[in-house]
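These notes are about the structure you will find just below.
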Amino acid sequence: IAEDEYAYDITLRLKRDIESHAGQVFMIIFDPYDSIRNEKYLKVDKNELCYPNLTIPLNQTARLIQRADAVNKLYDSIGSSVHQRVVEIHLDSRATKQKIDVFFYHHATSTKGKKLAEILLQTFEEKYKEHQPNRGYYGSVSARSLLVLRKTKPVGVFLELGNITNARDQKRFLNPNNRDALAKWICLGLIKEYELYKK
């Protein structure tokens, strides 16, 4: 089970949901051959490119800098007066026994990034209470100096959706309906944050 395939599928679902509300989405990392997939087990490939159509470097730091540069070029071309947000979606691969709930990172100096993360957290709390009232939800919001948050110009948030190696967390991702729900909840949180700042 490859964490990036599941993160990408959730991101594609989020893109679809945002566009259904008249938002515009740019996929910074994209696979030209993959669309939304409803299989339980997603085939692994290495076809990803960086926007607009760049080969991704093997070096991790170079990859992150390339990603940040792509975001910033888009931000400048669209204009700072337009509501723009960077949403980085990630699945972890920690020790097998370590189960984690969805949690959110923002840059330490970004008050709007912190607010966005808090709105997303609140949305997840509400949705888990509605759909799984006995489950409990233990997500969190915290500041981290991640390169993708530090070097990008728009307000950003980093979502850690779970631990792909944990059997209980896997249920969150292997079922396509659950991947759909995660995307819808993220979209709902983004809409709430947009409504807050458009006034």
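In table form, for the structure just shown:
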item: The chain - mean residue ellipticity at 222 nm from DSSP helices (-39,500 (n - 2.57) per run, n ≥ 4, rounded to 500); result: -15500 deg cm²/dmol
item: Stretch gain in nm, segment His83-Lys40, where the contour uses 0.36 nm per residue and the Cα spacing is subtracted; result: 12.0 nm
item: In sequence order, calculated HN-Hα J values of the stretch 135-150 (Karplus, 6.51, -1.76, 1.60; Hz; x Gly/Pro); result: 6, x, 9, 10, x, 8, 10, 8, 8, 9, 8, 6, 4, 5, 8, 6
item: Evaluated at q = 0.11 Å⁻¹: base-10 log I(q)/I(0), Debye formula over Cα of the stretch 1-96; result: -0.37
item: For the chain: relative contact order, % (alpha-carbon pairs under 8 angstrom, 6 or more apart); result: 29
item: Interchain or long-range residues, amide H under 5 Å from Gly162's placed H; result: Asp92
item: Unsatisfied cross-links (Cα-Cα over 32 Å) in the set Lys43/Lys127; Lys43/Lys114; Lys40/Lys129; result: Lys43/Lys114
item: For the stretch 3-198, the Rg and Dmax computed from alpha carbons only, in angstrom; result: 16.2, 47
item: Residues Glu3, Glu126 arranged by fewest to most Cβ contacts within 10 Å; result: Glu126, Glu3
item: Volume of the Cα convex hull of the stretch 69-166, divided per residue and given in Å³; result: 110
item: Those aspartates and glutamates that a straight Cα-Cα span of less than 12 Å connects to Lys112, excepting residues fewer than 8 apart in one chain; result: Glu193
item: His90 versus Lys153: modelled label distance in nm, points set 7 Å from Cα along the beta carbon direction; result: 2.4
item: Cross-link partners of Lys46 among lysines (Cα-Cα below 23 Å; sequence separation of 8 or more within a chain); result: Lys15
item: Simple Cβ-charge dipole of the chain, Lys/Arg +1 and Asp/Glu -1, about Cα centre, in debye nearest 20; result: 420
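We did not get these values from a lab; they are worked out from the coordinates using the rules stated. Predicted model only: the values in this text are computed from it and were never measured. Positions of Cβ are backbone-derived with ideal geometry, glycine not excepted, and every protein chain shown enters the neighbour counts.
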